[in-house]
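K.L.:
Here you go, one structure.
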Amino acid sequence: MAETPLDLSLDAARLTARLVDLPSESGDEKPLADAIEAALRSLPHLSVDRHGNNVVARTYLGRSERVVLAGHIDTVPIAENVPSRLDEEGVLWGCGTCDMKSGVAVQLRIAATVPEPNRDLTFVFYDNEEVAAHLNGLGHVAAAHPDWLEGDFAVLLEPTDGQVEGGCQGTLRVKLRTKGERAHSARSWMGANAIHAAAPILERLAAYEPRRPVIDGLEYREGLNAVAVEGGVAGNVIPDLCTVTVNFRYAPDRDEQEAIAHVREVFEGCPIEEFVVDDHSPGALPGLSHPAARAFIEAVGGTPQPKFGWTDVSRFSALGVPAVNYGPGNPLLAHKRDERVLASMIPEAERRLRDWLTA
């Protein structure tokens, strides 16, 4: 266990600072996982389990609904921004202050101070969110112990600037390859230029009109874009291979197969020799019509927004658990050297969650 235990009686902002001062870059989360596990095991109303560096704590009060509060405990690499510091304007600076140790602090405070919530609660603290998907701790728990994640509704405490963000969009990356024939560029008629063959692909992308579907009252904005073009052999060689990498960000009313089929349809007739799915993570429906979601939105206030990026609410959606993103911190400051959070936002997020869970 960790040498210095976490004091869950600290207010949420000071607890965030303590969490930041326990470095936990992706792959090095064990000391923080140990500290979280020890702190939660001291709370008699919780049952605590652990899988690797992932800690899950649950109440068993016989409530009619179960809500999951989830957050990752890892951060991106430290950039000379630890330890934390609180400035005179009430801004807390440091790696993870925004993404997402302030959200984790809120989870821990709720776990410690709401022993008899109006819904049964599951608290999930997981590792390796900031790195490759196959390392993601929430995915490992879902594969090994899916029953640990069962619930009627989930809140992922990622930074959202204190606004509810519903679901998330899917992301599909494909590599479209065109082929030609090498030749000396002084005798180009002896070959076929694979880069030129990619022109129809780029024309389709330039002319593409993305959908803006409305789901549960939220307008999502899809996007289909080239994110890389690779080709060329040498300054005097006609290239025989070109690869256009395309990223499709799609609304959660499409499933994975529909997303792939749509991209194929967009490029139908283009001289594509290979269509390779390079990476794919499905979206998640917002689930705002669920009674628990409606009560949550009423408690935290504001106008729900769509989540345009991808988050782990997708994993909950795959398990049949509707989920939203909600947490303190401006997501635009995540991963920055000058990462920071307005300290007053953290106890405010805690208060709103407590109001929802004790009303």
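K.L.:
Here is a list: ASP87, ASP120, ASP152. Which entry is more than 21 Å from SER24 (Cβ to Cβ), touching a Lys or Arg at 6+ places or on another chain (Cβ under 9 Å), in the same structural domain as SER24 (by TED's automatic domain parsing) and without any contact (Cβ under 8 Å) to a residue 12 or more places away in the chain?
P.N.:
Values: ASP120 fails: without any contact (Cβ under 8 Å) to a residue 12 or more places away in the chain; ASP152 fails: without any contact (Cβ under 8 Å) to a residue 12 or more places away in the chain.
Step by step, each of ASP87, ASP120, ASP152 is checked, and only ASP87 is more than 21 Å from SER24 (Cβ to Cβ), touching a Lys or Arg at 6+ places or on another chain (Cβ under 9 Å), in the same structural domain as SER24 (by TED's automatic domain parsing) and without any contact (Cβ under 8 Å) to a residue 12 or more places away in the chain.
K.L.:
Within the range 182-214, count every residue that is touching a helix residue (DSSP H, G or I) at 6+ places or on another chain (Cβ under 8 Å) and farther than 30 Å from TYR250 by Cβ.
P.N.:
Total meeting the criteria: 2.
K.L.:
Mind checking whether some residue in the range 174-183 is within 28 Å of LEU218 (Cβ to Cβ) and in contact (Cβ under 8 Å) with a residue 12 or more places away in the chain?
P.N.:
yes
K.L.:
Looking at the range 289-307, is at least one residue assigned by TED's automatic domain parsing to the domain that holds LEU353, in contact with a Cys (Cβ under 8 Å, 6 or more places away or on another chain) and not β-branched (Val, Ile, Thr)?
P.N.:
The answer is yes, given that some residue of the range 289-307 is assigned by TED's automatic domain parsing to the domain that holds LEU353, in contact with a Cys (Cβ under 8 Å, 6 or more places away or on another chain) and not β-branched (Val, Ile, Thr).
K.L.:
Turning to a different aspect of this structure: What pairs come up if the first residue lies in the range 347-359 and is within 11 Å of PHE296 (Cα to Cα), the second is assigned to a helix (DSSP H, G or I) and at pLDDT 95 or above, and their beta carbons are under 8 Å apart, counting only those six or more places apart or on different chains?
P.N.:
Sorted first by the residue in the range 347-359, then by its partner, the pairs are LEU353/VAL106; LEU353/ILE110; ARG354/ILE110; ARG354/THR113; LEU357/ILE110.
K.L.:
If ILE201 satisfies every condition in (1) touching a Phe, Trp or Tyr at 6+ places or on another chain (Cβ under 9 Å); (2) more than 24 Å from ILE260 (Cβ to Cβ); (3) among the aliphatic types (A, V, I, L, M) but one, which is the exception?
P.N.:
(2)
K.L.:
While we're here: Could you list all residues from the range 191-219 that are buried (at least 16 other Cβ atoms within 10 Å of the Cβ) and in contact with a Lys or Arg (Cβ under 7 Å, 6 or more places away or on another chain)?
P.N.:
Once the filter is applied, which keeps residues that are buried (at least 16 other Cβ atoms within 10 Å of the Cβ) and in contact with a Lys or Arg (Cβ under 7 Å, 6 or more places away or on another chain), the range 191-219 yields GLY191, ALA194.
K.L.:
Just the residues that are among the aliphatic types (A, V, I, L, M) and out of contact with any Ser or Thr (no Cβ under 8 Å at 6 or more places or on another chain), please, taken from the range 71-103.
P.N.:
ILE78, ALA79, VAL82, LEU86, VAL91, MET100
K.L.:
List the strands (runs of 3 or more DSSP E) inside the range 20-86, counting only whole elements, that have at least 1 residues being within 24 Å of ILE346 (Cα to Cα) and of a type outside the set (A, V, I, L, M).
P.N.:
Ranges flagged: 54-58, 66-72.
K.L.:
Is it the case, given these coordinates, that GLY71 is surrounded by 20 or more Cβ atoms within 10 Å (Cβ to Cβ), under 21 Å from VAL141 (Cβ atoms) and under 21 Å from the mean Cα position of the chain (by Cα)?
P.N.:
yes
K.L.:
How do the pairs read when you match residues in the range 303-320 that are at pLDDT below 90 with residues anywhere that are among the β-branched types (Val, Ile, Thr) and outside any loop (DSSP other than H, G, I, E, B), using Cβ under 7 Å and keeping only pairs 6 or more apart or on different chains?
P.N.:
As it stands, the answer is TRP310/THR171, since those pairs meet every condition given.
K.L.:
A follow-up question, please. Scan the range 214-238 for residues that are closer than 21 Å to ALA284 by Cβ and assigned to a loop (DSSP other than H, G, I, E, B) and report the count.
P.N.:
The qualifying residues number 5.
K.L.:
State yes or no: is ALA207 modelled with pLDDT of 95 or more, under 30 Å from GLU265 (Cβ atoms) and among the small types (Gly, Ala, Ser)?
P.N.:
Working: modelled with pLDDT of 95 or more: yes; under 30 Å from GLU265 (Cβ atoms): yes; among the small types (Gly, Ala, Ser): yes.
Criteria met by ALA207.
K.L.:
I've got another one for you. Which residue pairs have Cβ atoms closer than 6 Å, lie 6 or more positions apart in sequence or on different chains, and pair a first residue in the range 53-65 that is farther than 15 Å from GLU116 by Cβ with a second residue that is among the basic types (Lys, Arg)?
P.N.:
Final answer for the pair search is ASN53/LYS30.
The values are calculated or read from the model by the stated rules, or taken from the named source; none is laboratory data. The structure displayed is predicted, hence computed values, not measured ones. Note: ideal-geometry Cβ built from the backbone for every residue, glycine included; neighbour counts use all protein chains shown.
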